[in-house]
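Visitor: Starting off with a structure, shown below.
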Amino acid sequence: MIRLGLDQEQIARLRKLAKEIVHGVAPIIKRNTTVSVERAIVRLMGLDGIDNDGVPLPNVVVEAVRPRLGDGVARHVAAAMLSTGMDINQLGTAVANREVDILSFPEPPEDELEDFWTEQTSFTMERIAERVKERNEYMKEYPPGPQPWKYVIVATGNIYEDVTQARAPALKGADIIAVIRSTGQSLLDFVPYGATTEGFGGTYATQENFRIMRRALDEVMKETGRYIRLVNYASGLCMPEIVVMGAFERLDMMLNDSMYGILFRDINPVRTFIDQFFSRMIDAVADIIINTGEDNYLTTSDAVEAAHTVLASDLINEAFGLAAGLKPQHLGLGHAFEMNPDIEDGFLMELAQALMLREIFPDHPLKYMPPTKHMTGNVFKGYIMNALFNLVGVWSHQGIQLLGMLTEALHTPYLHDRFLALQNAGYVFNNARHISDAFLVNPDGPIMDRVRTVMDDTEEFLKKVNDSGLLDAISNGWFADISRSPEGGKGLDGVSEKSPAYINPYIRSFAAYLGREEELEKWM
Amino acid sequence: MDVDLRNVRPYGDTMGDGAVQMSFTLPIPQGSVAREAARQLVLSMGFTDAQVVHDEDIGEGFTFFVVYGKTAASVDSTKIIPTEPEFEVWEREECNRRIQEYFGRPLVVVGACIGEDAHTVGIDAIMNMKGYHGHYGLERYSMIEAHNLGAQIPPEELLERARELGADAILVSQVVTQRDSHVLNLTRMIELVEAAGIRDRVVMVAGGPRIDNALAQELGYDVGFGKESYAEHVASFIIQELHRRMDDGRWTP
Ligand code: B12
């Protein structure tokens, strides 16, 4: 393994800055809750299903509590369940049928409440632990392939078609299958229900769809003897709910960025920061690897000029993640091979940055994104670009290699596009497996020059962000050249200030499980 | 080189050889039956010769093929009517000068990527100050007042903002084309503009990587721009279109 011999003191300074930056938003996260966090809580309790109009019961219940949302849905649900003796799903149905007024029940005695929550939270923790155990056992029996893990996406819009599109590559060497969500799902303030067959540019993330794909991949696992990881997207307005569904259905990874929704979907920053924090606590408990979306910055900004924003954001995502209880091995921090293919020595700069990230994040399964923005209808040229990307991937020991598709500029992948991508990666990884043991990096050469530039730019940038605060930095357009204000964006109306009566019983049980009571006290 | 423009065929290494390379997948397992199926399929497409040069199992009973064929078909390229918009492309300064000269006031241009489509880079490339590939965007044009609303904008909102701002041209971007979502959105937009009774007052411009002029015009737009289009194309077209309308007495600045 190559050692660039980076300045460890500088790395420590970068981490310290990132930590300070994220701590700057801790008070705002702690002060408020969101409709999506509250819906995640009732889902954690086991609420599922829809009413006669197709509205998900978690939405029905949280809407009913809306006037008193600052108390937390948990307080009112507990009072109702203890008074009526209903379970959470009976209660959800009764609220939907307007048989009960959920805000009308007396506050139960403290000790009764204590027992109630102990029972509820241990039910949830057991349900999640069961899935974690299952994953660990499967992984022991059917060991996953070596890194870089070959990650491919399916996105037909129809979950049954997706199964075919996922099984074939899994049989041909893919390690990870990601089901891309339908266009626009991130802006829905509810999670669709049931198996779906109609999506645009992707397939709806629903719990039933998760289950269908999980089952299919477990079958392939038994056929091939390799555990196949399943990924979905927890970004957008329902981020924490989708993580709950993922935890219950044994998804192995979740796209769960702290800023992607703000920048690329115009979701309110405060809403997103709260949602991402609770989401990541659930990821941590469910032993789910998160993927972050820094690659996207390079689609709206120039990859040469904005490289430091990627490193800066990786550090910010890391700091948020660690604060929420994730461990380095859960942090699939993102970056991408997005330089314009026409520039001289672009490959060297890409290699420099990939090696740099590997060394700054040694225990993290870095998620490396392929060329996308500069892919064109010349699929043959695109295929070579993907080969160079794969070479950097194996050279710099990336964790998760999101395989490039030669038809990236045209459509979501066809079956043979994925096959060709796997063949490309398989060839390059195998032929150059030990390339990093074969070469040293010239300490005075172009690679080290690039690394120093990016690290120095990052340090300066993080200082600037720290001085202004993260929310201001975002509204100044410093990330991805996109400006978002804390008062703007979608979903702000779903943020409520907590009342003194607020409870979220899961914070305590997650914190205890993760051994982080003290740290989490500052955040949630 | 001797090319018969009335009889144009694909070229491999001999004029008129009709050589074509293609690849596709069939939902049948690899083997001699699949190979023969691929060959026959290609022949049935009108190729006179079909060579299955590669076939491979790609999982789940699917087989991937690479096939070379020769076609006897040809096209008469002299009969083709170009679908590209016809207009002169002017540099930025030239555009500014013409706007001043023709209209005597800046033109108001309002643009967005509509519907659920979140791709902003295309509309930004046309509208934002910094432009794309060294071509400055409309915001840089002193005689153009450019308002870029961004992405995920409902057609209703784009219309409303365009009316408020007194738009002379509305730019609509569509990048996602799955299940014809671009056609649905573009149609919705034009219908709203027509229903509002302002169609004659505004130049309607559609753009995106899978949009071309023919499609845009079919949907009722004045013009459509695809890949490799820049602000100067858009500005030049708008000026010339408004100038035309002015000459016809259909529009006044
Ligand atoms: C960058 C990118 C993204 C970024 C967008 C960031 C942003 N803020 O814009 C992110 C990561 C957010 C993204 C998300 C998605 N994307 Co995307 N994305 C791309 C990518 C890689 C590049 C697009 C780009 O920026 N090109 C550069 C610009 C400058 O080119 P352009 O858009 O063609 O614009 C030029 C012309 O077309 C024209 N033009 C464009 N608009 C207009 C408007 C007017 C008025 C005029 C005159 C001209 C004009 O002028 C521009 C300059 O020449 C393409 C793949 C590719 N290589 O094309 C996929 C691609 C467009 N995305 C795709 C998809 C499916 C999605 C998702 C739906 C995936 C999902 N299910 O989540 C989501 C979209 C969610 C949503 N709500 O829309 C598909 C679309 C497939 C299809 N044909 O329908 C593509 C082709 C990738 C693929 N192979 O699957 N994406």
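The values are calculated or read from the model by the stated rules, or taken from the named source; none is laboratory data. This one's a predicted model, so the numbers in the text were calculated from it and none came from an experiment. With ideal geometry, Cβ positions are generated from the backbone for all residues, glycine too; neighbour counts draw on all protein chains shown. Ligands, DNA and RNA are stripped out before the accessible areas are found, and what is left, the full protein with its side chains, is counted by its heavy atoms. Shrake-Rupley method; radii C 1.70, N 1.55, O 1.52, S 1.80 Å.
Visitor: Quick check on packing: order A:481-489, A:234-242, A:180-188 by the mean number of other C-beta atoms within 10 Å, highest mean leading.
Guide: A:234-242, A:180-188, A:481-489
Visitor: Here is a further query. Taking 8 Å as the Cα distance limit and 6 or more residues as the minimum spacing, I'd like the relative contact order of the range A:196-289 as a percentage.
Guide: 25 percent
Visitor: I would also like to ask the following. Ranked highest first by average number of other Cβ atoms within 10 Å, how do A:305-311, B:202-208, A:89-95 line up?
Guide: Per-residue Cβ counts within 10 Å, averaged per peptide and sorted highest first, yield B:202-208, A:305-311, A:89-95.
Visitor: Could you work out the local net charge near A:Ser436, counting Lys and Arg as +1, Asp and Glu as -1, over the other residues with Cβ closer than 11 Å to its Cβ?
Guide: +2
Visitor: Specify the angular offset, from 0 to 90 degrees and rounded to the nearest 10, of the alpha carbon long axis of helix A:346-360 from the longest principal axis of the alpha carbons in chain A.
Guide: Taking Cα atoms only, the helix is inclined about 50 degrees.
Visitor: So what's the gap between the Cα centers of the range A:179-228 and the range A:50-99, to the nearest angstrom?
Guide: Distance between centres, Cα-based: 27 Å.
Visitor: If one computes the Cα centroid of the range A:365-391 and of the range A:399-457, what distance in Å separates the two points?
Guide: 8 Å
Visitor: Amide H neighbours of B:Val108 under 5 Å, at least 5 residues apart or on other chains, H built in the peptide plane: list them.
Guide: Excluding prolines and chain starts, which carry no amide H, the hits are B:Glu145, B:Asp168, B:Ala169.
Visitor: Residue by residue through A:473-482, how many Cβ atoms from other chains fall within 10 Å of the Cβ on average?
Guide: 1
Visitor: How well do other chains shield peptide A:417-427, expressed as the mean number of their Cβ atoms within 10 Å of each residue Cβ?
Guide: Mean shielding by partner chains, rounded to a whole number: 2.
Visitor: Only Cα pairs under 8 Å and at least 6 apart count here; give the relative contact order of chain B as a rounded whole percent.
Guide: The value is 16 percent.
Visitor: Compute, for A:Asp444, the solvent-accessible surface of its heavy atoms (probe 1.4 Å) with the complete set of protein chains present, and express it in square angstrom to the nearest 10.
Guide: A:Asp444 has an accessible surface of roughly 130 Å² with all protein chains in place.
Visitor: In addition: Return one number: the angle in degrees, 0 to 90 and rounded to the nearest 10, between the long axis of the Cα atoms of helix A:73-84 and the longest principal axis of the Cα atoms of chain A.
Guide: 40 degrees
Visitor: Per-residue counts of other Cβ atoms within 10 Å, averaged by peptide: what ranking do you get for A:50-56, A:220-226, highest first?
Guide: Highest-to-lowest ranking by the protection proxy: A:220-226, A:50-56.
Visitor: Suppose all protein chains stay in the model; what accessible area per residue would a 1.4 Å probe give for the protein assembly as shown, in Å²?
Guide: Normalised by residue count, the accessible surface of the protein assembly as shown is 41 Å².
Visitor: Provide the per-residue ³J(HN,Hα) series for the range A:504-511, in order, calculated from phi with Karplus coefficients 6.51, -1.76, 1.60 and θ = phi - 60°, each as a whole number of Hz, with x at glycine and proline positions.
Guide: 10, x, 6, 4, 5, 6, 5, 4
Visitor: Around A:Lys327, what is the net charge, scoring Lys/Arg as +1 and Asp/Glu as -1 over all other residues with Cβ under 14 Å from its Cβ?
Guide: Result for the local shell: -3.
Visitor: Where in the range B:149-253 are there trypsin sites (Lys or Arg not before Pro) that are in a DSSP coil and have at most 12 other Cβ atoms within 10 angstrom of their Cβ?
Guide: Loop-located and lightly packed - B:Arg250.
Visitor: Give A:Lys16/A:Lys373; A:Lys16/A:Lys464; A:Lys367/A:Lys463; A:Lys327/A:Lys464 a once-over and call out the pairs whose C-alpha atoms are over 21 Å from each other.
Guide: A:Lys16/A:Lys373; A:Lys367/A:Lys463; A:Lys327/A:Lys464
Visitor: Continuing with the same structure: Using only Cα atoms, locate the centre of the range B:20-67 and the centre of the range A:478-524, then give the distance between them in Å, rounded to an integer.
Guide: First find each Cα centre; the distance between them is then 55 Å.
Visitor: Work out from phi, with θ = phi - 60° and the Karplus expression 6.51 cos²θ - 1.76 cosθ + 1.60, the ³J(HN,Hα) of each residue of the range A:9-22, listed in order in whole Hz, and give x for Gly and Pro.
Guide: 5, 5, 4, 4, 5, 4, 5, 5, 4, 4, 5, 5, 4, 5
Visitor: Within a 10 angstrom radius of each residue's Cβ in B:116-129, how many Cβ atoms of other chains show up on average? Whole number is fine.
Guide: The mean count of partner-chain Cβ atoms within 10 Å per residue comes to 3.
Visitor: Over chain A, what is the relative contact order in whole percent, taking alpha-carbon pairs under 8 Å and six or more residues apart?
Guide: Across chain A, relative contact order equals 21 percent.
Visitor: Can I ask one more? Residue-wise, which Karplus ³J(HN,Hα) couplings in Hz belong to the range B:25-31, taking 6.51 cos²θ - 1.76 cosθ + 1.60, θ = phi - 60°, and x for glycine or proline?
Guide: Residue by residue, the range B:25-31 yields 10, 10, x, 9, x, 4, x Hz.
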